[in-house]
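The values are calculated or read from the model by the stated rules, or taken from the named source; none is laboratory data. A quick note: this is a predicted structure, and the numbers were derived from the prediction, not measured. Because the Cβ atoms are built from the backbone with ideal geometry, glycine has one as well, and the counts that use them run over all protein chains shown. Just the protein is used for accessible areas: all its heavy atoms, side chains included, with ligands, DNA and RNA removed. Shrake-Rupley method; radii C 1.70, N 1.55, O 1.52, S 1.80 Å.
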Amino acid sequence: MKPPAASSHDVFLSFRGSDVRNTFVDHLYAALRRRRVRPFKDDVDLGRGESVREGISRAIEGSSFYVVVLTRNYASSAWCLDELVKIMRCSSRDNHNAFPIFYHLSPDDVSDVGFYYKDDFDRHKRRYTYERVDGWIQALAWVVGVAGWVVTNRQYVCT
(Lines give C-alpha, C1' and ligand atoms only; values in the text may rest on other atoms or scores of the structure.)
Protein backbone atom coordinates (compact mmCIF):
# COMPACT_ATOMS: atom_id res chain seq x y z
CA MET A 1 0.00 0.00 0.00
CA LYS A 2 1.26 3.45 -0.86
CA PRO A 3 2.07 5.66 2.16
CA PRO A 4 0.01 8.81 2.65
CA ALA A 5 1.31 12.05 1.22
CA ALA A 6 3.37 14.05 3.68
CA SER A 7 0.99 17.00 3.44
CA SER A 8 -2.10 14.95 4.22
CA HIS A 9 -2.03 15.84 7.96
CA ASP A 10 -2.31 19.11 9.84
CA VAL A 11 -0.99 17.95 13.20
CA PHE A 12 1.39 15.24 14.33
CA LEU A 13 0.55 13.59 17.66
CA SER A 14 3.59 12.47 19.64
CA PHE A 15 2.85 10.24 22.62
CA ARG A 16 3.92 7.10 24.49
CA GLY A 17 1.48 4.53 23.15
CA SER A 18 1.35 2.31 26.20
CA ASP A 19 0.41 5.32 28.36
CA VAL A 20 -2.35 7.02 26.38
CA ARG A 21 -2.94 5.50 22.91
CA ASN A 22 -6.30 3.93 23.70
CA THR A 23 -7.49 6.56 26.14
CA PHE A 24 -6.58 10.24 26.04
CA VAL A 25 -5.02 10.25 22.57
CA ASP A 26 -7.99 8.41 21.02
CA HIS A 27 -10.28 11.13 22.40
CA LEU A 28 -7.94 13.90 21.26
CA TYR A 29 -7.70 12.36 17.77
CA ALA A 30 -11.50 12.13 17.49
CA ALA A 31 -11.99 15.69 18.77
CA LEU A 32 -9.51 17.06 16.24
CA ARG A 33 -11.21 15.16 13.40
CA ARG A 34 -14.61 16.56 14.46
CA ARG A 35 -13.08 20.04 14.08
CA ARG A 36 -11.87 19.07 10.60
CA VAL A 37 -8.25 19.05 11.72
CA ARG A 38 -6.35 16.19 10.11
CA PRO A 39 -4.20 14.57 12.82
CA PHE A 40 -1.54 11.94 12.25
CA LYS A 41 -1.71 8.96 14.61
CA ASP A 42 0.65 6.12 13.78
CA ASP A 43 -1.71 3.17 14.34
CA VAL A 44 -4.31 4.79 12.07
CA ASP A 45 -2.29 6.60 9.43
CA LEU A 46 0.79 4.51 8.65
CA GLY A 47 0.38 2.47 5.52
CA ARG A 48 0.64 -1.31 5.99
CA GLY A 49 4.09 -2.45 4.93
CA GLU A 50 5.44 1.09 5.25
CA SER A 51 8.65 1.69 7.19
CA VAL A 52 7.51 3.02 10.56
CA ARG A 53 10.56 5.23 11.03
CA GLU A 54 10.33 6.72 7.52
CA GLY A 55 6.55 7.15 7.70
CA ILE A 56 6.72 8.96 11.03
CA SER A 57 9.59 11.12 9.82
CA ARG A 58 7.59 12.12 6.73
CA ALA A 59 4.51 12.83 8.85
CA ILE A 60 6.49 15.09 11.18
CA GLU A 61 8.03 16.95 8.24
CA GLY A 62 4.67 17.30 6.53
CA SER A 63 2.66 18.49 9.53
CA SER A 64 1.84 22.12 10.18
CA PHE A 65 1.98 21.80 13.96
CA TYR A 66 2.70 19.26 16.68
CA VAL A 67 1.03 18.07 19.87
CA VAL A 68 3.40 16.37 22.31
CA VAL A 69 1.61 14.43 25.05
CA LEU A 70 4.13 14.13 27.87
CA THR A 71 3.34 11.25 30.22
CA ARG A 72 5.17 9.45 33.00
CA ASN A 73 6.76 6.97 30.57
CA TYR A 74 7.33 9.29 27.58
CA ALA A 75 11.07 9.66 28.25
CA SER A 76 11.55 5.92 28.76
CA SER A 77 11.12 5.54 25.00
CA ALA A 78 14.08 6.33 22.75
CA TRP A 79 11.55 6.31 19.92
CA CYS A 80 9.49 9.12 21.51
CA LEU A 81 12.61 11.12 22.27
CA ASP A 82 13.87 10.75 18.69
CA GLU A 83 10.46 12.01 17.51
CA LEU A 84 10.76 14.97 19.86
CA VAL A 85 14.19 15.91 18.47
CA LYS A 86 12.78 15.76 14.92
CA ILE A 87 9.77 17.85 15.99
CA MET A 88 12.06 20.44 17.59
CA ARG A 89 14.20 20.69 14.46
CA CYS A 90 11.24 20.90 12.08
CA SER A 91 9.45 23.39 14.32
CA SER A 92 12.50 25.64 14.39
CA ARG A 93 13.27 25.25 10.69
CA ASP A 94 9.71 25.67 9.41
CA ASN A 95 8.41 27.99 12.15
CA HIS A 96 5.67 25.51 13.07
CA ASN A 97 4.17 25.51 16.55
CA ALA A 98 4.44 22.68 19.04
CA PHE A 99 1.97 22.34 21.89
CA PRO A 100 2.84 20.24 24.94
CA ILE A 101 0.19 18.49 26.98
CA PHE A 102 1.39 17.46 30.43
CA TYR A 103 -0.78 14.43 31.10
CA HIS A 104 -0.92 13.78 34.83
CA LEU A 105 2.36 15.73 35.13
CA SER A 106 3.28 19.34 35.65
CA PRO A 107 5.98 21.19 33.68
CA ASP A 108 8.06 21.27 36.86
CA ASP A 109 8.01 17.46 37.01
CA VAL A 110 9.89 17.20 33.72
CA SER A 111 11.93 20.41 33.53
CA ASP A 112 15.69 19.95 33.67
CA VAL A 113 15.06 16.19 33.26
CA GLY A 114 13.20 16.47 36.53
CA PHE A 115 12.00 13.94 39.01
CA TYR A 116 9.83 11.84 36.70
CA TYR A 117 12.43 11.35 33.97
CA LYS A 118 15.65 11.12 35.98
CA ASP A 119 15.78 7.30 36.08
CA ASP A 120 14.96 7.09 32.37
CA PHE A 121 17.82 9.40 31.46
CA ASP A 122 20.21 7.60 33.78
CA ARG A 123 19.44 4.40 31.83
CA HIS A 124 19.73 6.19 28.48
CA LYS A 125 23.17 7.56 29.43
CA ARG A 126 24.43 4.00 29.91
CA ARG A 127 22.98 2.75 26.63
CA TYR A 128 23.24 5.58 24.09
CA THR A 129 25.87 8.07 23.00
CA TYR A 130 26.34 11.33 24.85
CA GLU A 131 25.35 13.28 21.72
CA ARG A 132 22.06 11.43 21.33
CA VAL A 133 21.08 11.76 24.99
CA ASP A 134 22.10 15.41 25.05
CA GLY A 135 19.87 16.02 22.01
CA TRP A 136 16.96 14.41 23.86
CA ILE A 137 17.58 16.57 26.93
CA GLN A 138 17.68 19.71 24.77
CA ALA A 139 14.46 18.73 22.99
CA LEU A 140 12.71 18.00 26.27
CA ALA A 141 13.85 21.34 27.72
CA TRP A 142 12.61 23.06 24.55
CA VAL A 143 9.11 21.56 24.64
CA VAL A 144 8.74 22.09 28.41
CA GLY A 145 9.47 25.78 27.77
CA VAL A 146 6.48 26.10 25.44
CA ALA A 147 3.13 27.14 26.89
CA GLY A 148 0.74 24.21 26.81
CA TRP A 149 -1.81 22.42 28.93
CA VAL A 150 -1.75 20.36 32.11
CA VAL A 151 -4.36 17.59 32.13
CA THR A 152 -5.22 15.85 35.38
CA ASN A 153 -8.34 13.95 36.35
CA ARG A 154 -10.35 15.21 33.38
CA GLN A 155 -9.49 18.82 34.13
CA TYR A 156 -7.01 20.96 32.26
CA VAL A 157 -5.26 24.25 32.78
CA CYS A 158 -3.01 26.29 30.53
CA THR A 159 0.66 26.57 31.48
Next item on the list: Name the long-range amide H neighbours of Val37: under 5 Å, sequence gap of 5 or more, or other chain; modelled H, no Pro or chain starts.
Entry: none
Notebook entry, point to check: Can you give me the pair-distance distribution of region 1-86, C-alpha pairs, 10 Å bins, whole percents?
Noted result: 18, 53, 29, 1
Notebook entry, point to check: Expressed as a whole percentage, what fraction of the accessible surface of region 52-103 belongs to carbon and sulfur atoms when a 1.4 Å probe is rolled over the protein heavy atoms?
Noted result: 46
Checklist line | region 17-57: C-alpha gyration tensor shape, a/c 1.5 cut-off, then a/b vs b/c | finding: oblate
Check: Counting only heavy atoms of protein chains, what accessible area per residue, in Å², does region 1-152 have with a probe of 1.4 Å?
Finding: 53
Notebook entry, point to check: Tell me which aspartates and glutamates have Cα within less than 13 Å of Lys118's Cα, excluding those fewer than 8 residues away on the same chain?
Noted result: Asp108, Asp109
Note to self: Report the rotationally averaged projected area of region 1-149 based on its alpha-carbon convex hull, in square nanometres.
What the structure shows: 8.7
Note to self: Quick one: 3J(HN,Hα) in Hz for region 9-15, Karplus 6.51/-1.76/1.60 with θ = phi - 60°, rounded, Gly and Pro as x.
What the structure shows: 10, 8, 9, 9, 9, 10, 6
Notebook entry, point to check: Picking from Trp79, Pro39, Phe102, whose Cα lies most toward the positive end of the charge dipole for the chain (charges on Cβ: Lys, Arg +1; Asp, Glu -1)?
Noted result: Pro39
Item checked: Relative contact order of region 58-159, pairs being alpha-carbon contacts under 8 Å that are 6 or more residues apart, as % -> 32
